[in-house]
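Here the structure is laid out as structure tokens; the discussion comes afterwards.
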Amino acid sequence: DVKVTQSSRYLVKRTGEKVFLECVQDMDHENMFWYRQDPGLGLRLIYFSYDVKMKEKGDIPEGYSVSREKKERFSLILESASTNQTSMYLCASSFGGGDGSYEQYFGPGTRLTVT
Amino acid sequence: SQQGEEDPQALSIQEGENATMNCSYKTSINNLQWYRQNSGRGLVHLILIRSNEREKHSGRLRVTLDTSKKSSSLLITASRAADTASYFCATDEGGYSTLTFGKGTMLLVSP
């Protein structure tokens, strides 16, 4: 069974703090993704990575950065948290290469509140 | 950018009834996928249908794809209370294996 784990289920941070969200997958997947989910807006892609040390911006990368030093781990960093970054953050992974995309496996999510 | 758009936004049915959700999208796709999300949890992959396929089944799920109309439907037969969840379609437009998700349909199945 593929397992994607996220470091926290709930997190409360103060405005201006640096926030690290960690994601680990155990299926040797090439691709990893970070999304945020907000009511009425669905899932929006923040960043993704298709290989170690490689990263690509998604639809809403502003205010975020990522790090992928090892294949199984993908970190999302909020350099200076703001209240508009209060959201549910979802990490996902999938196989890469080939023709078209594969199914994505999601972690349980981290609900981040910035006060 | 939002690609898929589910319809209806919310659906309420009784156990045993069938539930149909629709997804429309704008550009050509490699494949279309459906996911389920139970309240406050991560998404779970249900089914993937490729652009050259018209229909696919998995258990009580039936998915159709009409590329000429740029639309897909998800049918859940004989619904159960445990099917209560949000359902999302996601399209693969090519490139880096990313998906673009719709905003979802909330399904409520009452006992």
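Sort out which residues of the range A:39-51 are within 10 Å of another protein chain (Cβ to nearest Cβ) and either out of contact with any Asp or Glu (no Cβ under 8 Å at 6 or more places or on another chain) or not polar (S, T, N, Q) (or both), and write them in order of number. Residues satisfying the conditions are A:P39, A:G40, A:L41, A:G42, A:L43, A:R44, A:L45, A:F48, A:Y50. Scanning the range A:81-95 for any residue that is out of contact with any strand residue (DSSP E or B) (no Cβ under 6 Å at 6 or more places or on another chain) and at pLDDT below 95 turns up at least one such residue.
Test B:S51 against the criterion of being more than 23 Å from A:E56 (Cα to Cα) and within 14 Å of chain A (Cβ to nearest Cβ), and give yes or no. Yes: the conditions hold for B:S51.
Could you tell me which of the residues B:R36, B:R80 is over 18 Å from A:R36 (Cα atoms) and not small (G, A, S)?
B:R80
Of the residues making up the range A:1-16, just one is β-branched (V, I, T), under 15 Å from A:A81 (Cβ atoms) and outside any strand (DSSP E or B), namely A:T15. Taking first residues from the range B:97-111 that are more than 11 Å from every other protein chain (Cβ to nearest Cβ) and partners that are surrounded by fewer than 21 Cβ atoms within 10 Å (Cβ to Cβ) and β-branched (V, I, T), the Cβ contacts under 8 Å between residues at least 6 apart in sequence or on separate chains come to B:L107/B:I13; B:L107/B:T84; B:L108/B:I13; B:L108/B:T84; B:V109/B:I13; B:V109/B:T84; B:S110/B:I13. Taking the criterion of being crowded, with 16+ Cβ neighbours inside 10 Å, closer than 21 Å to A:G40 by Cβ and in contact with a Gly (Cβ under 9 Å, 6 or more places away or on another chain), the residues of the range A:65-91 that qualify are A:Q85, A:M88, A:Y89, A:L90. Within the range B:24-44, restricting attention to residues that are more than 9 Å from every other protein chain (Cβ to nearest Cβ) and of a type in the set (D, E, K, R), the residue that is surrounded by the most Cβ atoms within 10 Å (Cβ to Cβ) is B:R36.
Could you look through the range B:68-96, keep only residues that are of a type in the set (D, E) and under 14 Å from the mean Cα position of the chain (by Cα), and pick out the one that is farthest from the other protein chains (Cβ to nearest Cβ)?
Among those residues, the one meeting the criterion is B:D83.
Taking the range A:6-23 as the range and being of a type in the set (G, A, S) and in contact with an Asp or Glu (Cβ under 7 Å, 6 or more places away or on another chain) as the test, only A:S7 passes.
Yes/no per residue for (1) surrounded by 15 or more Cβ atoms within 10 Å (Cβ to Cβ); (2) more than 22 Å from B:L46 (Cα to Cα); (3) more than 14 Å from every other protein chain (Cβ to nearest Cβ); (4) in contact with a strand residue (DSSP E or B) (Cβ under 9 Å, 6 or more places away or on another chain):
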{"site": "A:D1", "(1), (2), (3), (4)": "no, no, no, no"}
{"site": "A:N31", "(1), (2), (3), (4)": "yes, no, no, yes"}
{"site": "A:G63", "(1), (2), (3), (4)": "no, yes, yes, yes"}
{"site": "A:L112", "(1), (2), (3), (4)": "yes, yes, no, yes"}
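Of the candidates B:G102, B:G40, B:G59, the single residue that is in contact with a Gly (Cβ under 8 Å, 6 or more places away or on another chain) and either on the phi > 0 side of the Ramachandran plot or modelled with pLDDT of 95 or more (or both) is B:G40. From the list B:M106, B:M21, the lone residue that is among the aliphatic types (A, V, I, L, M) and buried (at least 20 other Cβ atoms within 10 Å of the Cβ) is B:M21.
Would you call A:K57 basic (K, R) and farther than 22 Å from B:T91 by Cβ?
Working: basic (K, R): yes; farther than 22 Å from B:T91 by Cβ: no.
When the stated conditions are applied, A:K57 does not pass them.
Among the residues making up the range A:18-31, a single one is in a strand (DSSP E or B) and at pLDDT below 95: A:N31.
The values are calculated or read from the model by the stated rules, or taken from the named source; none is laboratory data. Quantities reported herein were computed from a predicted structural model and do not represent experimental measurements. Don't worry about glycine lacking a Cβ; one is built from the backbone with ideal geometry, like all the others, and counts go over all protein chains shown.
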